[in-house]
There are 2 protein chains.
Amino acid sequence: MKIAVDAMGGDNAPQAIVEGIMMAVKEYQDIEFILYGKEEAIRKYLTDETNITIVHTDEKIMSEDDPVRAVRRKKNASMVLAAQAVKDKKADALFSAGNTGALLTAGLLIIGRIKGIDRPGLLVTLPVIGNENETFNLMDVGANADTKPENINQYATLGSYYAQFVRGVKNPKVGLLNNGTEENKGNDVTKRAYQLLANNTDINFVGNVEARELLSGIADVVVTDGYTGNAVLKTIEGTALSMMKLIKNAVYENGVKAKLGGLLLKDSFSSMKDVLDYSKHGGAVLFGVKAPVIKTHGSTEKEAVYYTIRQIHEMLDSHVIDDLVHHFEEKEASAILKK
Amino acid sequence: MKIAVDAMGGDNAPQAIVEGIMMAVKEYQDIEFILYGKEEAIRKYLTDETNITIVHTDEKIMSEDDPVRAVRRKKNASMVLAAQAVKDKKADALFSAGNTGALLTAGLLIIGRIKGIDRPGLLVTLPVIGNENETFNLMDVGANADTKPENINQYATLGSYYAQFVRGVKNPKVGLLNNGTEENKGNDVTKRAYQLLANNTDINFVGNVEARELLSGIADVVVTDGYTGNAVLKTIEGTALSMMKLIKNAVYENGVKAKLGGLLLKDSFSSMKDVLDYSKHGGAVLFGVKAPVIKTHGSTEKEAVYYTIRQIHEMLDSHVIDDLVHHFEEKEASAILKK
């Protein structure tokens, strides 16, 4: 398998990107990497050239660039060339830590949607707190600000495939994020989405779930519109961060006794941080396009790059996208036959 | 000032309600309480009859009742009688820990909206983490699932009045919850709300704010649609709860050393819990109706009842609602004069 890497995307590029790839190249000998970016800058961090190809380019998309315009005009940007390689079948997946909007645009305009998917969405894998082997998927966390019930219903099928193929969850429970658990709850969009989900035979729909229950593992896949999903994901991040700050204050601003307590709990606290660090489950997948397109945080470190490569490896290895393509093709065919 | 109390609302009613009122009656000698509910059950917890009137009724609204139907049909329910007293000017404010939907309905249908407010919303006061004297208001946290930009703009004026009059914040910063800080970010509703807010001369609009920054005190008042506000509030609650569980596990599941550390940090951890307990800032205000209508959690304890009475006292004392009524009347008059 071949992964096209935007080596210049993100705040710590190319160093963090290349160092992460170096970690992955050792582990996954079946992956070939094509790195797009400034060759000289990339070579500085290259410790092993096995399975590595560098495609030099001076151009790159900046974080402040207008996404659509940048993808259209900067034809030689590292991200655009990497996307083009996937479109041209020279690579099987695209990885970038760069401008999120630009990556969504490149995924949509260059790589293209799976037939039958109207709006690809962003899927993340988050930890279930209190059970360290469990995770859940949340989708869409912000690819689309305005979302139709039909889109949410497609996220459910997509998310369900991800949970089964990539995470190995059998018959994953799919919940609809809503402001109450009763069937009639919600706004206009979620009420209509509920009806579609209840009739979606591709999934194991468990009904509405509330945001309060997300981290307790109420469902394996939780679907929502991209605006709300974005707000919920950022609220989880912000609240967890604030709580870590509170713990720090509790230890450092309460005298010697508290400081000693903090010292004794040091290992426990760091394993706690580890639970919360969801980068180890990989990056955000632009799911619904014809190949794995994965984004990690702009401030990503090499470890997160490595974890994301592992995730892409699992996506390619499981053929989740091929299966989705077949699924939607069959669906269309049977719809035509029924007419 | 007189407060009409639904003594039968909530899981711990009437005990928690009456005991909380007993705490408040000592502190606020200028408040008269009218308690609606089963007289015998109420009297069991009454330790002081000063400024207390009981209006007996056998009927009450249950948590599983359909809100609109219950308010329409159960004419003698404790909550309905209390709301009617406010409408009839026999009381100045309404307090209940009962069925939220029913309280919203009673507020809207019996007490009625302030002229100029299309949709009252629910406002809560939340802590700023890391600065224990600071708080912020979030509105709407769920009164309306489908919200128009005009509603959000009215929440901004309402929230701004609350922050000024009740919390004493000068020129409060009002932010719009959005999925990015740039002006052009958001979904269709927030994009249009942004324009209205930018032209709202009643408020100090500081632009879009992201959910990640809420608990750091990015703004004094944050406005959003009721569906998203509800999701964000529940995500904060769920994440904070999960983190407290993580801390507990960190202490109890990591051997003697960690347990000892936990013991040394006991006081610090409990002050941390105290920071997170936002019931001390009062309940959720159904803001935009003609009198203070306040709801606390169904599982409320006497302390939360006491804090909510304190909040109602501040609302009545500051005449925030009278001022809002005048404000919207003047606005209407000047609009007519301009024609």
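Annotations for the structure displayed:
- One quarter of the convex hull surface built on the alpha carbon atoms of the stretch B:122-283 amounts to 10.1 nm², the projected area averaged over directions.
- Here the relative contact order of the stretch B:122-283, from alpha carbon pairs under 8 Å that lie six or more residues apart, stands at 31 percent.
- Per-selection metrics, the stretch A:237-339 (Cα): Rg and Dmax in Å: 22.1, 77
- Value of relative contact order over chain B, rounded to a whole percent, pairs C-alpha under 8 Å and six or more apart: 22
- Cβ-Cβ FRET estimate between residue B:244 and residue A:171, R0 fixed at 30 Å, reported to 0.05: 0.40
- Farthest positive-ward along the stretch A:122-283 dipole, Cα basis, beta-carbon charges - from A:209, A:242, A:181: A:242
- The protein assembly as shown, Rg to Rh (Cα coordinates; Rh as Kirkwood inverse mean 1/r): 1.01
- Rounded to the nearest 20 debye, dipole of the stretch B:198-279 from Cβ charges on Lys, Arg, Asp, Glu: 640
- Centre-to-centre separation between the Cα atoms of the stretch A:131-209 and those of the stretch B:54-109: 36 Å.
- Restraint check, A:257/B:259; A:173/B:245; A:44/A:280; A:273/B:248, Cα-Cα greater than 19 Å: A:173/B:245; A:44/A:280
- The GNM of chain A, with springs linking C-alpha atoms under 10 angstrom apart, assigns the highest mean-square fluctuation among A:258, A:240, A:82 to A:258.
- All lysines inside 23 Å of residue A:339 as judged from Cα atoms, apart from same-chain residues fewer than 8 positions distant: A:115, A:331
- Size of charge dipole - chain A - debye, nearest 20, with Cβ of Lys, Arg +1 and Asp, Glu -1, no other charges: 460
- Classification of chain B by its C-alpha gyration tensor yields an oblate form. The axis ratio a/c (a ≥ b ≥ c) is 1.5 or more, and b/c is at least a/b.
- At most 14 other Cβ within 10 Å, DSSP loop - GluC sites (Glu not before Pro), the stretch B:296-330: none
- Candidates B:162, B:45, B:36: whichever shows maximal mean-square fluctuation once chain B is modelled as a Gaussian network with Cα springs under 10 Å: B:45
- Based on DSSP H segments of at least four residues, each scored -39500 (n - 2.57), chain A has a per-residue ellipticity at 222 nm of -14500 deg cm²/dmol.
- Simple point charges give the picture: +1 on the Cβ of Lys and Arg, -1 on the Cβ of Asp and Glu, and for the protein assembly as shown a dipole about the Cα centre of about 560 debye.
- Of the GluC sites (Glu not before Pro) in the stretch B:103-191, the ones in a loop by DSSP (not H, G, I, E or B) with at most 12 other beta carbons within 10 Å are B:132, B:182.
- The loop-placed GluC sites (Glu not before Pro) in the stretch B:200-268, going by DSSP, that have at most 12 neighbouring Cβ atoms within 10 Å of their Cβ come out as B:253.
- Note on chain A: GNM, Cα springs under 10 Å; of A:225, A:322, A:92, the largest mean-square fluctuation is that of A:322.
Every number in this text was worked out from the coordinates using simple rules, so none of it is lab data. Source: prediction; values computed, not measured. In this analysis, Cβ positions are derived from the backbone assuming ideal geometry, glycine residues included, and neighbour counts consider all displayed protein chains.
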